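First up is the structure itself, then whatever we jot down about it.
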Amino acid sequence: MDTYPRAEGDTLPAALIARIDAWEDAQASEQGPDAANYQSDLSIPPGWRVGGIPSWASTGPMAVDCASCATPMRLLLTAGGDEMDADSHSWVPLEDRDPSLRGRASIRGRSGRSVAQPTRLRFGRDRDLHVRTVISRVSQRPSAEPLIRDVACGDVPFPDERGQVAVVEYRPQWPAEFELLAGRLRGALGDLAFGIDHVGSTAVPGLAAKDCVDVQVRMRSIDETRDAPLLAAIGFRCRPERWNRIEVSGGRECRKLVFAPPVGARSCNVHLREGTGPNARFALLFRDYLRADETARRAWGAFKQRLALSVPDLLDYGQIKAPATEVLMGAAERWAAETGWSAA
């Protein structure tokens, strides 16, 4: 979907803004208050979007540079509270309208809640949330070597791993494949592990996901010099990326180790975490919330499918998905408080 700058200020040439204003006046004269207009209908669509042009916030359409390196940043993701325009009520699917009514009254959902806000998420003063990143730099290498993207989130995967993302429909064999992995890990780690969980999107029936099974091993403690050789003995490889070994969850730095599968084996990620840590709880809450909430599950799956089509590069995909996951987990925490959920 293409987006275009708003016709205000110096975002477009003055002559073009004048032509847009004249066209909008003509539309209003011919069709009345429900006429389409550039600003609300054709410029920047509402809702969640990957890339494109940012909508205006309280500061206007200003350029944004990285606070650390002063490099211009590009828009990665827009998270919007509304899925329709507040002025014209456009971008609403026909099936969600009542043709006998006009204006906002025509777009009430079956439950009485406006279909304009299906995610029930609000950001600040009803503004959009913009996620930006420094434009990646591609290092020039001899033709016999791969291009390596210089990004902050880590190094390239192992040579046998895919660098492209494909999100597929849920596959019923994923739980059985997890059980096979869990059996091998249990045999290798013994009493060091007191819980092995199927986590991530493949653990949620009905949820679209990458065909990569995520396994969480809840450990009594993390000791790389002890744990890595035990898993290396059955072929699992400790990941070399810079993000391995420490992750922040609930404001705390938590120790972890992530392992890739043996070469040629079923694609998976094995996450060793201290069993009582907030990062272990995070993974279980993510899974259980999406299992319980059909609306959230359907929306999360559709978001990932659209994102993978638009941004198939694994590193860029992960950078965009990370802040969206934080938004999702805000809803999950509210669900946990309402239902009394606790980590198993």
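The values are calculated or read from the model by the stated rules, or taken from the named source; none is laboratory data. These figures come from a predicted structure and were not determined experimentally. When we count neighbours, we look across all protein chains shown, and the Cβ atoms used for this are built from the backbone with ideal geometry, even at glycine.
Please determine, by comparing only the residues of the stretch 309-344 that are assigned to a helix (DSSP H, G or I) and of a type in the set (S, T, N, Q), which one is surrounded by the most Cβ atoms within 10 Å (Cβ to Cβ).
Gln319
Of the residues Ala344, Ala308, Ala322, Ala296, which single one is of a type in the set (Gly, Ala, Ser) and farther than 21 Å from Leu129 by Cα?
Going through Ala344, Ala308, Ala322, Ala296 in turn, the sole match is Ala344.
Inside the stretch 242-260, can you point out the residues that are at negative phi and exposed (fewer than 14 other Cβ atoms within 10 Å of the Cβ)? Talk me through it step by step, then tell me what you get.
Applying the first criterion (at negative phi) to the stretch 242-260 yields 242-244, 246-249, 252-260.
Across the stretch 242-260, the qualifying residues are Arg242, Ile246, Val248, Arg252, Glu253.
Out of Ile222, Ile246, report the one residue that is out of contact with any helix residue (DSSP H, G or I) (no Cβ under 9 Å at 6 or more places or on another chain), under 17 Å from Pro278 (Cβ atoms) and in contact (Cβ under 8 Å) with a residue 24 or more places away in the chain. Spell out the reasoning first.
Working: Ile246 fails: in contact (Cβ under 8 Å) with a residue 24 or more places away in the chain.
Going through Ile222, Ile246 in turn, just one is out of contact with any helix residue (DSSP H, G or I) (no Cβ under 9 Å at 6 or more places or on another chain), under 17 Å from Pro278 (Cβ atoms) and in contact (Cβ under 8 Å) with a residue 24 or more places away in the chain: Ile222.
Can you confirm whether Leu290 is hydrophobic (A, V, I, L, M, F, W, C) and crowded, with 16+ Cβ neighbours inside 10 Å? Outline the logic, then answer.
Details: hydrophobic (A, V, I, L, M, F, W, C): yes; crowded, with 16+ Cβ neighbours inside 10 Å: yes.
For Leu290, the condition - hydrophobic (A, V, I, L, M, F, W, C) and crowded, with 16+ Cβ neighbours inside 10 Å - is met.
Just for strands (runs of 3 or more DSSP E) wholly inside the stretch 202-302: which have at least 3 residues that are touching a Phe, Trp or Tyr at 6+ places or on another chain (Cβ under 7 Å) and under 25 Å from Ser342 (Cα atoms)?
213-219
Let's see how each residue does on (1) of a type outside the set (Gly, Ala, Ser); (2) under 34 Å from the mean Cα position of the chain (by Cα):
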site	(1), (2)
Pro13	yes, no
Leu16	yes, no
Asp21	yes, no
Asp25	yes, no
Ser29	no, no
Asn37	yes, yes
Leu42	yes, yes
Pro45	yes, yes
Trp48	yes, yes
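Scan Leu129, Leu181 and give me the residue that is in the same structural domain as His271 (by TED's automatic domain parsing) and either modelled with pLDDT under 95 or surrounded by 14 or more Cβ atoms within 10 Å (Cβ to Cβ) (or both). Break it down stepwise before answering.
Working: Leu129 fails: in the same structural domain as His271 (by TED's automatic domain parsing).
Result of the check over Leu129, Leu181: Leu181.
Looking at (1) closer than 30 Å to Pro312 by Cβ; (2) loosely packed, with under 15 Cβ neighbours inside 10 Å; (3) at pLDDT 75 or above, which one does Ala67 not meet, given that it meets all the others?
For Ala67, the failing item is (3).
Inspect the stretch 216-227 for any residue being closer than 25 Å to Gln305 by Cα and hydrophobic (A, V, I, L, M, F, W, C) and give the result as yes or no. It would help to see each step written out before you state the result.
First pass over the stretch 216-227, keeping only residues closer than 25 Å to Gln305 by Cα: 216.
Those still in the list that are hydrophobic (A, V, I, L, M, F, W, C) too: none.
No, there is no match, as no residue in the stretch 216-227 is closer than 25 Å to Gln305 by Cα and hydrophobic (A, V, I, L, M, F, W, C).
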